[in-house]
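Chemist: Quick one: this structure, given as structure tokens, is what I'll be asking you about.
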Amino acid sequence: MTLGAFTDATLADLLSIQAEVHGDHPYLLNLQQSLSYAEAEERSTRLAAGLAERGLVPGDRLAIILPNVPEFVLTVFAATKAGLIMVPINVRRSRDEVLARLSRTRPKAVVTFSEPQAWDGLDHLAQMLDLLPEASYLEWIISLQGSGPRVTRWDDLWHSTASPPSPVIRPQDAAAIVHTLGSSGEARGAVLTHTALVRNAAGVAETLRATSDDIFIGAVPFSSAFGLTPTILACTVAGATLSCLPRYDAGVALEMLETARISVHHGVPTMFALELNHPDFDPARCASLRTGIMAGAPCPSELANAVRHKMGMNLILAYGLTEASPSVSMTHLEDGPVTASQTVGRAMQGVELQVIDREGEVLPRGDEGELCVRGYNVMQGYWEDPQATLEVLDAEGWLHTGDLATIDADGLVRILGRKEEVIHRAGFKIHPGTVEMVLRSFPGVREAAVVGVPDAIYGEISCACVVRTAGSAISAEDLLAFAAERLADYAVPDRVLFFERLPRDGSGPVRKDYLRERVRIRGRAWTFGKNIDTDAIIPARHCNTSDPGELAKHCMEDADPTFVGKMKRGDLIVADTNFGCGSSREVAPISIKAAGVSAVIAKSFARIFFRNAINIGLPILECAAAVDDIGLGDEIEVEPAAGVIRNLTRGTTFQATPYPEFLQRIIERGGLLPYVEERLAERRT
């Protein structure tokens with residue numbers, strides 16, 4: 001069906017229409033079951049009757065805390081058929097995070113499950129039972145497994161013999177409350193309408209050119225806007241099949257790509273990176289892949305190109321946010337290589353975009369500013385939070401995204417970063433303030449600031465910059481263990497660096513912009529000898545591993561053999577004169593960057609520079625005196641622009657040899673290709 005057929009449809013309409021059109025066609029698959037469109041329509045209708053039978057009425061909220069299983073999808077459609085507003089919550093949320101989301105939305109019932117053996121001992125049903133004294137609004141816990149007070153089995157609901165409800169549902173009615181983190185770090189529930197979700201899904205399906213012949217992999221968490229709209233709903237709009245992956249694992253995903261003959265693969269950049277680097281990766285396993293979307297975090301162009309070439313799929317890059325249901329812009333299947341790898345495409349049909357300055361004035365095409373979105377896909381507002389809504393949604397209907405971007409004359413969007421400080425790590429948002437509060441509560445910590453650092457695998461990683469109290473001897477391991485008990489796993493800092501003081505303007509707030517640059521290239525030194533020819537080593541080693549340490553181990557052969565378990569992302573290489581690291585196939589540079597190496601200090605960058613700095617932007621500093629001074633494990637801080645190298649362990653400072661002028665221009669342009677394009681343009685003029 002065409003995009004226009006779903007312009008004014010509700011979610012309940014969507015499944016009913018597709019059940020009529022695609023009846024016996026496979027819809028939902030996992031290891032335990034296979035459901036056709038007709039069977040999914042029947043079960044979701046019965047489940048809606050069961051929900052109504054237990055007293056849920058239109059407008060009530062229904063929380064969903066389930067992994068990526070068919071029951072999640074059926075519950076989504078059952079909720080809409082009963083006129084309920086669904087509240088999806090990620091299964092990885094901590095107890096306090098779950099309670100915060102429940103307390104804001106006050107659902108009458110929650111659908112959950114009990115599989116502690118598959119979730120590192122966490123029993124989600126037990127967690128909900130534990131929360132009951134603090135969640136008096138919850139009248140029912142509906143669980144796929146287990147029992148307890150106020151618990152009813154999910155199977156009992158869909159076996160209901162009651163008459164299905166027939167509420168009056170309008171396209172502009174609220175269908176879902178999907179939580180996101182606001183500027184305060186607190187969860188805010190974006191209220192998304194039926195028409196926003198369905199029409200947005202139809203636009204995604206049309207851009208993908210998805211048909212009933214396609215098979216989608218359900219790898220992105222269904223509880224996210226990315227999992228809900230571009231995955232579940234776009235698949236349904238296309239009449240395609242959805243193969244559910246309950247818990248993401250790169251090896252399992254690769255197996256599913258092959259055995260289920262997946263043709264549409266969505267994922268955050270980390271997922272694709274882990275699959276490409278997995279020991280079991282083989283391009284032949286991806287033979288059925290046709291297309292898919294990479295989004296949810298910054299998408300490195302080298303990763304996007306690697307996915308296209310190695311996985312053989314016509315990858316789509318997209319930009320969106322929960323408040324926009326979520327898709328805002330997408331590249332297209334016929335786009336050229338630059339557009340397809342360095343932009344997030346053009347605005348979707350029915351969506352307007354503009355870029356504004358700090359005063360709110362609209363900027364001309366090509367200028368950098370905050371990206372604003374207006375259209376059918378924009379949320380109604382944050383659930384019962386008018387003040388927070390006013391902060392991002394203006395009187396003319398423009399959603400202020402907080403993202404910095406440019407829009408060129410052709411309408412192509414480039415996302416440059418965050419206006420605020422939210423860290424995007426592997427598709428999850430980390431608000432530094434929340435992490436900082438936890439770190440500051442640890443005995444021995446005087447100050448703590450958390451900043452994001454670009455990373456080839458995760459998009460961004462978080463770095464905690466900590467000042468100890470006088471006489472304190474706390475270690476990074478102490479802090480990380482403390483944080484792991486109090487934060488979601490993805491919010492625990494990836495790195496901890498200790499400072500004597502944090503940079504400030506007088507008595508003002510910490511200068512995180514300056515701090516971010518300092519910590520970007522600061523880490524322990526790993527020293528290497530001579531004649532390391534990675535051009536020969538890499539092909540001889542099984543470097544397609546998901547472990548960055550293993551990548552580095554095989555990439556830098558004469559390193560300390562035990563360093564693979566010690567090296568942290570952000571550490572540096574100190575190289576002797578003839579350190580090659582050159583591969584015409586670019587295997588070595590990509591591996592080095594994937595391993596998290598932040599810089600190289602060399603006695604000469606005659607060979608090392610071109611294969612790394614030009615190809616992947618790795619800073620290389622030439623300074624023989626620094627190389628002779630630095631010992632294994634010394635903590636080094638580098639300022640590439642100034643050429644300053646500080647050995648913080650030994651208290652010594654060195655000045656690197658300045659780059660030749662043409663090399664400096666290459667660095668400033670972001671690599672060899674932009675530099676060549678600039679020179680060609682100069683010649684044409």
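Chemist: Identify the single condition in (1) β-branched (Val, Ile, Thr); (2) under 24 Å from residue 117 (Cα atoms); (3) touching a Lys or Arg at 6+ places or on another chain (Cβ under 9 Å) that residue 217 does not satisfy, given that it satisfies every other one.
Modeler: (3)
Chemist: In the stretch 145-167, which residues are touching a residue at least 24 places away in the same chain (Cβ under 8 Å) and closer than 30 Å to residue 200 by Cα?
Modeler: 154, 158, 164, 165, 167
Chemist: If you don't mind, there's one more thing I want to ask. In the stretch 279-288, is there at least one residue being assigned to a strand (DSSP E or B) and either in contact (Cβ under 8 Å) with a residue 24 or more places away in the chain or of a type in the set (S, T, N, Q) (or both)?
Modeler: No, there is no match, as no residue in the stretch 279-288 is assigned to a strand (DSSP E or B) and either in contact (Cβ under 8 Å) with a residue 24 or more places away in the chain or of a type in the set (S, T, N, Q) (or both).
Chemist: Pairs under 6 Å by beta carbon, first residue in contact (Cβ under 8 Å) with a residue 40 or more places away in the chain in the stretch 623-637, partner of a type in the set (Gly, Ala, Ser), six or more apart or different chains?
Modeler: 630/525; 634/525; 636/525
Chemist: Counting only residues that are within 19 Å of the chain's Cα centre (by Cα) and at pLDDT 90 or above, which one in the stretch 406-444 is nearest to residue 496 (Cα to Cα)?
Modeler: Step by step, filter the stretch 406-444, then rank; the result is 414.
Chemist: If you don't mind, there's one more thing I want to ask. Please give the helices (runs of 4 or more DSSP H) falling wholly within the stretch 610-685 in which 1 or more residues are modelled with pLDDT under 85.
Modeler: The helices (runs of 4 or more DSSP H) meeting that bar are 661-669, 672-684.
Chemist: From 407, 423, which residue is crowded, with 21+ Cβ neighbours inside 10 Å, among the aliphatic types (A, V, I, L, M), touching a strand residue (DSSP E or B) at 6+ places or on another chain (Cβ under 7 Å) and in contact (Cβ under 8 Å) with a residue 40 or more places away in the chain?
Modeler: 407
Chemist: How many residues does the stretch 391-411 contain that are over 27 Å from residue 8 (Cα atoms) and not small (Gly, Ala, Ser)?
Modeler: The number of residues fulfilling the criteria is 7.
Chemist: Give just the number: which of (1) polar (S, T, N, Q); (2) at pLDDT 95 or above; (3) in contact with a Pro (Cβ under 7 Å, 6 or more places away or on another chain); (4) surrounded by 18 or more Cβ atoms within 10 Å (Cβ to Cβ) does residue 75 not satisfy?
Modeler: Result: residue 75 fails condition (3) only.
Chemist: Here is a further query. Out of (1) surrounded by fewer than 24 Cβ atoms within 10 Å (Cβ to Cβ); (2) among the hydroxyl-bearing types (Ser, Thr, Tyr); (3) not in a loop (DSSP other than H, G, I, E, B), what's the single condition that is false for residue 212?
Modeler: (3)
Chemist: While we're looking at this one, here's another question. State all residues of the stretch 366-378 that are part of a strand (DSSP E or B) and among the hydrophobic types (A, V, I, L, M, F, W, C); if no residue qualifies, say none.
Modeler: Listed by number, the residues that qualify are 371, 372, 373.
Chemist: When residue 539 is evaluated against the numbered criteria (1) touching an Asp or Glu at 6+ places or on another chain (Cβ under 6 Å); (2) loosely packed, with under 15 Cβ neighbours inside 10 Å; (3) modelled with pLDDT under 50, which criterion, by number, is the only one it fails?
Modeler: (1)
Chemist: If you go through the stretch 5-58 one residue at a time, how many are of a type in the set (S, T, N, Q), more than 17 Å from residue 240 (Cβ to Cβ), buried (at least 18 other Cβ atoms within 10 Å of the Cβ) and at pLDDT below 95?
Modeler: Residues meeting the conditions: 0.
The values are calculated or read from the model by the stated rules, or taken from the named source; none is laboratory data. Everything quoted here is computed from the prediction, not taken from an experiment. Positions of Cβ are generated from backbone atoms using ideal geometry, with glycine treated the same way; all protein chains shown enter the neighbour counts.
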